[in-house]
Amino acid sequence: MNTLTDKDVAMSLLEDLTSNVKQIQDEVLEEILRCDANTEYLQSFLHGSADKELFKKNVPVGTYEDFKPYIERVVNGEPSGLVSGRPLTGFVLSSGTSSGKQKLIPMNDKYLENTKLLTDFRSIVLSKHVDGHNQGKSLKLLFTGPSSMTLSGLPASYASTFFFKSDYFKNPPSFWDTSFTTPGEVIYCPDTKQSLYCQLLCGLVMRDEVTGIGAVFASIFVQGMIFLEKTWKDMCSNIRSGQLSDWITDLGCRESVSKILGGPNPQLADQIQDICSQKSWKGIIPQLWPNTKFVEGVITGQMAQYVPALEFYVDDQLPLYSPAYSSSESPFAVNMNPLCKPQDISYTFIPNMSYFEFLPIDEGNDDAIVDLVDVKLGSYYELVVTTYSGLHRCKVGDVLQVTGFYNSAPQFKFVRRQNVVISVYLEATTEEELLKAVKRATEVIESSNIMLRDFTCYPHIADTPGHYVLYWELKGNNYDGISELDPDMMVECCSVIEESLNALYRKFRSKEKTIGALEIRVVQPGTFDSLMEYFIAQGATLTQYKTPRCIKSPEALQVLESKVVSRFSGEKLPHVDSVLC
Ligand code: AMP
């Protein structure tokens, strides 16, 4: 059990771990093999041996699907020893909303211990770069989802829920900035709407004390800001009267937030009203929370699309801080340079979190796999993880690029999920390509003071040729919203996206005509909230929720289709690269 209590110890541990990567990774693998040699999965390749070289020679690189049959047997009541030598304490539900299916990943104490350690490192890195980051209060939008009991008697829940309910989170070391504006009862409230309202209200009441603000993922924070735009008047009247709105019925929320409201505070209500009733909310965050030093939340990978919205709310006055890279399989890495620009964010791998291997993505065969210490600067890899809880050489599904080293620990830029997000013919468009293309198109609408609130896509293959459908929710930067959408501008957006997609897409679209014109369907404001509510009703959790980049489930598509207000299609054929002609 990790007993770090003090900042200096954590700092020297971070230096130590990042300076001895090879030795620590060796020890991690040794320990895992010693514990897991007799699990059914490893037995079939190693016959009880715990030899590291044999492990690398005999155990294939797999995906979650390879482990699933074993995990399901444990979920259904067979002994956990068939998956992991260490006793399991539960199953982590991965957000998994893109495929519509959730993964159940075995978990034990080590997962929470390592998550706590990563949080220690986040805090000390922050303290090195941001003066007084933990001297005030933190307004962090945090939520917990429900836990269900599996037939095995072990609970299943989200990684964040397990962590927020653990003693590590409830009794943090003093150097964490966990003096939250939100009382625990609100974080544990099962109704996310009541919880969000109360979290923002408490943050407003304590606005002068707030020194840090954010959420785990940028998407949730942006959603919180949009919710604030709709509800600040109610919040002001709660502050003015000292009475919480009647629709907050959760007892824990009512009691704890009423105490924070104290009594009537018309002066504070007036101040907030003055700020919030401005025509534009550009730069609203530093106005509402004048002492906050940063806005925190993951802003890389799929979350990069929320950067323009965050930049709008902070108006260049505050850094956006993306603290760590982690997943339901394992915590991985920490951002050592909290004040860098969003495009420069890299994460330093912490070698005692799990055993890490890297599959060069251009080579694609298992023999080319390398250890953490052997990755090459500039190269792209797919991350493969061997965890303390029964995943052995399992692909995480993320592509990373080596950008440098902290001591001897490699640092990686998050490139993309290793998956094809959409395809309607023989082309394969990745999430990264789609995000880049959409980003270019948003530059077209930005000049009209319009922001892309969120988007997703759908491969329309019911007609031939098939075509890409993008659902866009737009938002005006000014208080009045969007008065009228210029059709020429929207058609131009379709063309910019098509022009920015990969060469094969353009060839099929322009030369062979086997792909039809890309379509943007604009949906009503609030549609992506409804989509999220739909997925939460299906079992997703708000803390880890990420808008699926491509939607195939008919029910989820129905949520979008019912809110379409206008449709636009590309009119120009994109260029074709001569080499492909
Ligand atoms: P989940 O298992 O549901 O928590 O999702 C984990 C996945 O979220 C990772 O495999 C990544 O694809 C993504 N993710 C987590 N942290 C980051 C990050 N800092 N930057 C980019 N993507 C991230």
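The values are calculated or read from the model by the stated rules, or taken from the named source; none is laboratory data. As the structure is a prediction and not an experimental result, all values here were calculated from the model. Because the Cβ atoms are built from the backbone with ideal geometry, glycine has one as well, and the counts that use them run over all protein chains shown. Accessible surface is based on the protein model in full, side chains and every heavy atom, while ligands, DNA and RNA are left aside. Shrake-Rupley method; radii C 1.70, N 1.55, O 1.52, S 1.80 Å.
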Just to check, using Stokes-Einstein with a Kirkwood Rh over alpha carbon pairs, what's the diffusion coefficient of region 421-580 at 10 °C and 1.306 mPa s in µm²/s?
98 µm²/s
So which chymotrypsin sites (Phe, Trp or Tyr not before Pro) in region 210-299 pass both tests, a DSSP loop state and at most 11 other Cβ atoms within 10 Å of the Cβ?
Trp247
Stretched fully, the stretch from Asn291 through Lys230 gains (0.36 nm per residue minus C-alpha distance, one decimal, in nm) 19.6 nm
Row for region 241-336, column shape: gyration tensor on C-alpha, a ≥ b ≥ c, rounded if a/c < 1.5 i.e. under 1.5, prolate if a/b over b/c, else oblate; value oblate
Round to a whole number: what % of the accessible area of region 311-465 belongs to carbon and sulfur, probe 1.4 Å?
45 percent
Flagged links, alpha-carbon separation over 32 Å, of Lys193/Lys475; Lys128/Lys165; Lys7/Lys140; Lys116/Lys233:
Lys116/Lys233
Please give me the summed charge of the neighbours of Pro525: other residues whose Cβ is under 11 Å from its Cβ, Lys and Arg +1, Asp and Glu -1.
0
The computed P(r) of region 487-543 puts the percent of Cα pairs beyond 18 Å at 56 percent
Using a 1.4 Å probe on the protein heavy atoms only, what accessible surface does Ser258 show? Give it in Å² to the nearest 10.
50 Å²
With only alpha-carbon atoms in the gyration tensor, what are the semi-axes of the equivalent ellipsoid for region 371-472, in Å, largest first?
33, 20, 12
Of all GluC sites (Glu not before Pro) in region 451-538, which ones are in loop regions per DSSP and have a Cβ with at most 10 other Cβ atoms within 10 Å?
Glu484
With the calculation restricted to Cα positions, what are the radius of gyration and Dmax of the chain in angstrom?
24.4, 73
Accessible area of region 540-581 divided out per residue, in Å², using a probe of 1.4 angstrom:
51 Å²
May I ask you to derive the FRET efficiency for Asn58 and Asn171 from their Cβ-Cβ distance with R0 = 56 Å, giving the value to the nearest 0.05?
0.85
What trypsin sites (Lys or Arg not before Pro) does region 181-283 have in DSSP loop regions with at most 13 other beta carbons within 10 Å?
Lys279
Label-to-label distance, nm, for residues given as Val576 and Ser258 (7 Å Cα→Cβ offset):
7.2 nm
Please give every one of the lysines within straight-line cross-link reach of Lys572, meaning a C-alpha to C-alpha distance under 24 Å, and leave out same-chain neighbours fewer than 8 residues apart.
Lys436, Lys439, Lys507, Lys511, Lys513
